[in-house]
1. Count the net charge of all other residues whose Cβ sits under 14 Å from the Cβ of Gly269, scoring Lys and Arg as +1 and Asp and Glu as -1.
2. In the range 13-55, whose amide N lies under 16 Å from the spot 7 Å out along Cα-to-Cβ of Asn305? List them in ranges.
3. For the range 1-119, what is the relative contact order in percent, using Cα pairs closer than 8 Å and at least 6 residues apart in sequence?
4. Could you work out the relative contact order of the range 216-313? I mean the mean sequence separation of Cα pairs under 8 Å and 6+ apart, divided by the number of residues, in percent.
5. Lys and Arg at +1, Asp and Glu at -1: add these up for the other residues within a Cβ distance under 12 Å of Leu159 and post the number.
6. With +1 on each Lys and Arg Cβ and -1 on each Asp and Glu Cβ, and nothing else charged, work out how big the dipole of the range 243-314 is about its Cα centre, in Debye to the nearest 20.
7. Shape verdict for the range 2-313, please, from the Cα gyration tensor: rounded (a/c under 1.5), prolate (a/b greater than b/c) or oblate.
8. Hey, which of these cross-link pairs are over 25 Å Cα-Cα: Lys77/Lys289; Lys27/Lys289; Lys156/Lys270; Lys106/Lys208?
Amino acid sequence: MSDLFTFGEALAVFISSDTDSVITAKKFERVTAGAEANVAVAISRLGLKSRFFTKVGNDEIGQTILNDIAGEGVDVKDCTTANSFSGSMVRNPGTTNKVEVTYLRKGSAASLISAVDIKPEFITGSRWVHTTGITCAISESAANAVQTAQQIARDKNVLQSFDLNLRRKIWSESAAAKKLFPLAQNLDLLIGGEDEYQVVFNESDPEKALQIANDRGCNIAVMTKGDQPLRFSINGEVKVLLPPKVKAVDPVGSGDAFTGGTIAALLAGKSALDALTQGSYCGARVASKFGDWTGIPTGKNGIMNDQIKAEMNSL
C-alpha cells in the first residue's frame, strides 16, 4: 500500500551554473524534476511511501531520470518506455534574474500517457492521489488520464488533490481554463497561485475565487502567492498563513515541496492549518537551496524533523 500515487512528466533539467543566464553560461548542472515527481520525492523524504508513474524514452536520459527518482525512495516500477524522447528543460537558477525556461517536451514520451496507463490498482492501492494541470497541458491523452484518475479516486473514496499549475509556455490561458475548470472540483485539496485561480475560475477577487472552489466541493482550497501570505478556505471561511521568510536561492520547485509537505501532514492526521504550515516550511526550505529537491526536508511518518523546523524558525 502506498501513501501517495501520482503521475506526469519527469524532466531532465539543465541549470546554468556559472552565470544566471542560459545565454551566457558555459556550464550547466543536470538534475531531475517535474511537478509530480517533486511531490513524490517530498512524500518519500518525509517518511511515507510514494508511487510515481511516467513514460520515458528509450534513451540514457530517461534511465537517468528514473534512477534519480528511485534513488529518493520513490516506487517507479510501473514506469514504462515509449518510442520517443525523454522530456528536458533548460533554465537559469533565478538568483539575480527572473527564471527563464526553455522546454523540449512536445511529443515527448510522457506526452503519450493515456487513460489506459492509469491502472485502477495504482489508485486503490494508495491512500492519496495527486494530479496537476501540467499533465493536462502536455497532451489531450494525458489530460484524459488525469480525468480518469480523478474519477477512479472518487468512485473508490481515495483522498485526492489537484494543483492547477498553469504553464503558459505550454498552452494558452483560455485553453487551460477550459480544461482545468471541470477538474477543479470535488477534491480534498485544491492548490493554485492567485493568478491561476483567477484564470480558471474567472474571478479576480481572491476570497470569492476561494469561495467558488469550496462551493464546487473542494474541501480545502489553497491560494499561494510566492513568499507572500497564502490564503486558504474551508467551508467558505478564509484564513491567512504567513510562510517563513528565507533568502531565495532557487525558487523553482518550492511550490511542489509545499504541496508534498501539506499532503504528508494531512496523511499523518494533522489539521489543515498544521499541514499547510508544514507545507510552507518545506516550500521555503527548497527555495533557499539550489535545485528542486536539495532543500526538501526529511522526516518520519509524514512529519518533518524537529531539527529542520528549528533551523527554519531561526532564520
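Since every read-out is calculated from the coordinates, none of them should be taken as a lab result. This structure is a prediction, so every number in the text was calculated from the model and none was measured. When we count neighbours, we look across all protein chains shown, and the Cβ atoms used for this are built from the backbone with ideal geometry, even at glycine.
1. Computed value for this residue: 0.
2. Within reach of a label on Asn305, which here means backbone N under 16 Å from a point 7 Å along Cα→Cβ, the range 13-55 contributes 42-48.
3. Details: 262 pairs, mean separation 35.1, N = 119.
About 30 percent, as a whole number.
4. This gives 24 percent for the range 216-313.
5. Numbers: positive: Arg127, Arg154, Lys156; negative: Asp3, Asp188.
So the surrounding residues net to +1.
6. 120
7. Details: a/c = 1.27, a/b = 1.10, b/c = 1.16.
Taking the square roots of the gyration eigenvalues as a ≥ b ≥ c, the range 2-313 is rounded.
8. Lys77/Lys289; Lys106/Lys208
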